[in-house]
Amino acid sequence: MAEQKLTFRSFQNDADYALMHSFLMESSKADQVVETATLDDIRSWCAPSERFNPQQDILFALDDNSSEIGFSRVSWYTGKAGVKLYTQASFLIPEYRKPGVWSEMVKANEKRLREIADRHPVHQRFFQSWATEIQKEWISVLENEGFEAVRHFNNMLHSLEQIPDPGLPAGIDVRSVQDGHYWKIWEAQREVQSELFEFVAEHWTDDRYQAWLNNPSHTAHLWQIAWDGDQVAGMVLARIDETENLALDRKRGYTEHVFVRKPWRQRGIAKALVARSLHLLKELGMQEAELGVDTENESGAYDFYRRMGYRTFSTDIWFRKPMHIKIQEA
């Protein structure tokens, strides 16, 4: 068979969302990745923003017969310490996963991302993408294009049959979230987020507070917020996704955004907050709790969760490649 030569077209209209959803589901099935994204999720993922223009940042790959066979989405953000990260996600239906096809998509994405980067002041720059450990074909494509694995995030589960029961340290209490608490919770979360490898600076500017406040995934009645007087000391933002549980026929909650601020660390606050969250999820009928953790996090979070009883069930890998600046000759 002759080598496949791709052409590309841009996003055209709302009808493309259904096509993107079908490619996402086909690609995920081929990779044995559990995917529950809906058509509305695709629309939300591709909503225009200051860092994403659907007409320019979505590319459909076409075969020799001008039939769509996959798509890519590119964007960018500012990471920890001001590093600029230019991201891509690509989905290709199985029958076209031949040598060179996915690589052509990656190259087209990089061309677009360089155009975006040229508008920005010079910073340390990287191309970035992600894969789960079982996406062997996609990982091979990224590695062949010069990407290297830079971080591993383990997805972990805790059975709710047996839960530890440590108490809060003296002087620390947990309060139900009130309207007057949200700004302090936001500020505390922003402070700790800035320390993390996965930090996205654009998500934590003051003008994004309202969007955070209106996040439909927030379930503040489940949050465990530790207070020391009028200061937020730490938190676990627990949640339950009933729609996802119904689709996957399971009873799973999430223990996410587990943070303790620096002045209150090493006092057992995280252990107490996680345990309280696990007990609450169990009371609400859940059978297990999930979280994700950066295994290379300098705080030792991965070992902490293992001691708490969480066990890894999958691993996500972050890949990066330096974006070298092209020097213009005089």
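Every read-out reported here was derived from the displayed coordinates using simple, explicitly stated rules and does not represent laboratory data. Quantities reported herein were computed from a predicted structural model and do not represent experimental measurements. All Cβ positions, even for glycine, are placed from backbone atoms using ideal geometry, and neighbour counts span all protein chains on display.
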So the FRET efficiency between His279 and His120, C-beta based with R0 = 41 Å and rounded to 0.05, is 0.30
The pairs in Lys29/Lys107; Lys251/Lys271; Lys111/Lys321; Lys5/Lys111 lying past 19 Å Cα-Cα in this model are Lys29/Lys107; Lys251/Lys271
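Val34 to His152: extension gain in nm, 0.36 nm per residue of separation minus the Cα-Cα distance?
Answer, rounded to one decimal: 40.6 nm.
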Under a plain spin-label model, where a point goes 7 Å from the Cα along Cα-to-Cβ, how far apart in nm are Thr315 and Leu248? 2.0 nm
Go ahead and run the numbers for FRET between Lys107 and Ser194, Cβ-Cβ distance against an R0 of 22 Å, rounding to 0.05. 0.10
Based only on other Cβ atoms within 10 Å, what is the fewest-to-most ordering of Thr219, Thr7? Thr7, Thr219
How far is it, in nm, from the label point at Asp241 to the one at Arg9 when both lie 7 Å from their Cα along the line to the Cβ? 3.1 nm
Modelled label-to-label distance, Glu95 and His181, 7 Å Cα→beta-carbon offset: nm? 5.5 nm
Length-normalised contact order of region 89-211 in % [C-alpha pairs under 8 Å, at least 6 apart]: 20 percent
From DSSP H assignment alone, runs of 4+ in the chain each adding -39500 (n - 2.57), the sum over residues rounded to the nearest 500 puts [θ] at 222 nm at -9000 deg cm²/dmol
Need the list of aspartates and glutamates near Lys80 for cross-linking: C-alpha distance under 18 angstrom, and skip anything on the same chain fewer than eight residues off. Glu187, Glu191, Glu195, Glu198, Glu202, Asp206, Asp294, Glu296, Glu298
Would you compute the Debye intensity of region 246-330 from its alpha-carbon atoms alone, equal scatterers and no solvent, and pass along log10 I(q)/I(0) at q = 0.24 Å⁻¹ to two decimals? -1.31
Stretched fully, the stretch from Asp173 through Asp64 gains (0.36 nm per residue minus C-alpha distance, one decimal, in nm) 32.8 nm
